[in-house]
Ligand SMILES: Cc1cc2nc3c(=O)[nH]c(=O)nc-3n(C[C@H](O)[C@H](O)[C@H](O)COP(=O)(O)O)c2cc1C
C-alpha cells in the first residue's frame with residue numbers, strides 16, 4: 001500500500017480515482033472561487049524553515065499533552081460529516097486508526113455513525129464530539145448529554161458554519177445537501193463500480209441508505225432527505241449561548257472556527273479550554289485569511305492560557321512543524337484523513353497519519369530538534 005501512496009497528494013489521487021466525481025469534489029474543493037482553499041496552501045509555502053546544525057537529535061519524540069492527556073503526535077482527526085461515504089462505516093475506521101496512532105478523533109454532528117457506536121467500536125480512543133448550535137438549542141444540548149454519557153473527552157463547538165453553503169460545483173454535480181439522485185450523479189456513481197459495490201450497495205443491502213445517526217430519533221433521516229428546520233444552523237446564537245454550553249459540559253471545551261485574536265480572547269473569557277484556528281478548510285468564506293497566518297496573533301493573545309490548535313490545508317509534516325513554531329499545540333487534519341479512508345478504510349487512515357509522522361520526524365532531524373517541544377519561533381521565517 002505504501003508503494004502507491006508516498007505522500008498525502010498520492011492518497012488524494014487514489015481517492016479521486018475511487019470516489020464518484022461529485023463525492024470527491026464535495027470533499028476536495030472549496031467555496032466559490034477557491035481563493036481561500038488555494039491561499040491555505042500558498043501561506044505554508046511562504047513560510048520558510050530555519051534549521052540549526054550539530055544538535056543531538058537522537059531519541060526523537062512527537063509526544064505532547066493537551067487537556068490532561070498525552071498523545072503520540074501533535075495531530076488530531078478533524079470532524080468531517082462524510083467519512084462514512086468514503087468507506088463503509090468510515091468514521092469507525094478513522095476513530096480506530098486514531099486510537100492506534102495515539103491521537104484524538106473528532107466525531108462530527110453530521111456523521112453517519114452515532115456517538116454511542118463510535119464510543120463502543122473505538123473503545124480506548126480519545127474522542128471529541130463536534131457540536132453545531134442548532135435553531136432548537138435544546139436538541140444541541142441533548143447531543144452534548146449523549147456525548148458526556150458515552151465518555152467523550154472533548155466538545156468542539158463549530159462557530160463558522162452559520163450560512164447555508166451553496167457550492168456551485170456541488171449543485172452541478174447533484175451533490176448538494178440533501179443529496180438527490182439525478183441522471184448525472186447516477187452516471188457518476190456507475191463509473192465507480194468498486195465504490196458502488198464496497199460502499200453504497202453494502203449499505204443498501206444491510207442498514208439501508210446512511211442516516212445522520214446523531215440527529216434526534218424522530219428527525220433521524222437519511223442523507224437524501226432535508227434536515228428539519230430545528231436542525232438548521234442558528235443565526236441568532238451569541239457567546240451567551242456558548243456560556244450555556246460551558247455550564248453544561250464538564251470536560252474539555254473547544255471553539256472551532258476562530259480567525260482573529262479577539263474571538264480567541266472571547267472564547268477564553270467564556271470558559272473555553274481550547275480554540276481551533278480554522279477557515280473550515282476553505283469551504284465556507286472564500287476571502288478568509290489562511291489560519292496559519294492568523295495563528296501567531298492567536299498564540300500571542302491566549303497561548304499558554306488555553307490550548308491553541310489549527311487546521312486548514314495541512315498536507316506535509318513540515319506544515320505541522322511550522323504550526324508548532326508559530327504557537328500551535330496541535331494540528332487537525334480533515335481531507336488528508338478522508339483521502340486515506342477512501343483508499344483503504346482504517347488502514348488507509350492509518351497510512352495518512354503515518355505519512356505525517358514520518359515527515360514530521362524527518363523535518364525535526366533536519367532543523368535540529370529532538371522533540372516537537374523544542375521547535376521555536378526562530379525555526380521559521382515568515383514573509
Ligand atoms: C468533507 C468535509 C466535511 C466537513 N464536515 C465538518 C463538520 O461536519 N463539522 C465541522 O466542524 N467541520 C467540518 N469540516 C471541516 C473540518 O473539520 C476541518 O476544519 C477542515 O477539513 C480542515 O481543512 P483540511 O481539510 O484542509 O485539513 C469538514 C471538512 C470537509 C473536507
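Of note:
- Residue count for region 319-336 satisfying the condition of being away from the ligand (no atom under 11 Å from the Cβ) and part of a strand (DSSP E or B): 1.
- Filtered residues of region 286-318 (kept if more than 14 Å from the ligand (Cβ to nearest atom) and assigned to a strand (DSSP E or B)): 303, 306, 307, 308
- Residue that is farthest from the ligand (Cβ to nearest atom) [pool: residues in region 270-285 that are in a loop (DSSP other than H, G, I, E, B) and farther than 20 Å from residue 247 by Cα]: 285
- Among the conditions (1) within 16 Å of the ligand (Cβ to nearest atom); (2) touching a strand residue (DSSP E or B) at 6+ places or on another chain (Cβ under 9 Å); (3) assigned to a helix (DSSP H, G or I), the only one that residue 339 does not satisfy is (2).
- The set of residues in region 88-115 that are part of a loop (DSSP other than H, G, I, E, B), over 23 Å from residue 18 (Cβ atoms), touching a strand residue (DSSP E or B) at 6+ places or on another chain (Cβ under 7 Å) and within 15 Å of the ligand (Cβ to nearest atom) comprises 103, 104, 109.
- Flag for residue 148 being in contact with a strand residue (DSSP E or B) (Cβ under 9 Å, 6 or more places away or on another chain) and buried (at least 24 other Cβ atoms within 10 Å of the Cβ): no
- Residue match in region 234-251 (condition: within 16 Å of the ligand (Cβ to nearest atom), surrounded by fewer than 21 Cβ atoms within 10 Å (Cβ to Cβ) and modelled with pLDDT under 95): yes
- When 278, 318, 287 are screened for being surrounded by 24 or more Cβ atoms within 10 Å (Cβ to Cβ) and in contact (Cβ under 8 Å) with a residue 40 or more places away in the chain, only 278 passes.
The values are calculated or read from the model by the stated rules, or taken from the named source; none is laboratory data. This is a predicted model, so every value here is computed, not measured. Because the Cβ atoms are built from the backbone with ideal geometry, glycine has one as well, and the counts that use them run over all protein chains shown.
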